[in-house]
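Asks: Here it is, the structure in full.
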Amino acid sequence: MSSPEDALRETRAAYEEHARTCRQCHYDGAPCAVSKLLLRAYNNARRAQAHSRPAMH
């Protein structure tokens with residue numbers, strides 16, 4: 001099982017790769033459904049990583 005940091009890096013890389021190469025995203029100037037899904041996965045990974053860190057008070 002990957003760590004939250006690994007998941008964050010992997011989902012960000014997938015989103016950025018898609019954003020660079022997707023014809024529909026570039027043509028429309030708006031994110032396509034796949035882009036939205038990848039961004040959601042990245043945001044979920046980011047939240048998971050934030051929850052896995054100990055609270056600093």
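The values are calculated or read from the model by the stated rules, or taken from the named source; none is laboratory data. Quantities reported herein were computed from a predicted structural model and do not represent experimental measurements. So basically every Cβ, Gly included, is an ideal-geometry build from the backbone, and we count neighbours across all protein chains shown.
Asks: Output yes when any residue across the range 2-12 is among the hydroxyl-bearing types (Ser, Thr, Tyr) and outside any helix (DSSP H, G or I), and no when none is.
Replies: Yes: the range 2-12 contains one or more residues that are among the hydroxyl-bearing types (Ser, Thr, Tyr) and outside any helix (DSSP H, G or I).
Asks: Here are the criteria: (1) in contact with a helix residue (DSSP H, G or I) (Cβ under 7 Å, 6 or more places away or on another chain); (2) surrounded by fewer than 12 Cβ atoms within 10 Å (Cβ to Cβ). Tell me which single one ALA41 does not satisfy.
Replies: Failed condition: (2).
Asks: To continue, here is another question. Within the range 24-37, is there a residue that is at pLDDT 85 or above, under 15 Å from the mean Cα position of the chain (by Cα), surrounded by 15 or more Cβ atoms within 10 Å (Cβ to Cβ) and not in a helix (DSSP H, G or I)?
Replies: yes
Asks: Can you list residue pairs whose Cβ atoms sit under 9 Å apart, with the first residue in the range 1-28 being on the phi < 0 side of the Ramachandran plot and the second being outside any helix (DSSP H, G or I) and among the aliphatic types (A, V, I, L, M)? Count only pairs 6 or more apart in sequence or on different chains.
Replies: Once the first residue is on the phi < 0 side of the Ramachandran plot and sits in the range 1-28, its partners that are outside any helix (DSSP H, G or I) and among the aliphatic types (A, V, I, L, M) give GLN24/ALA30.
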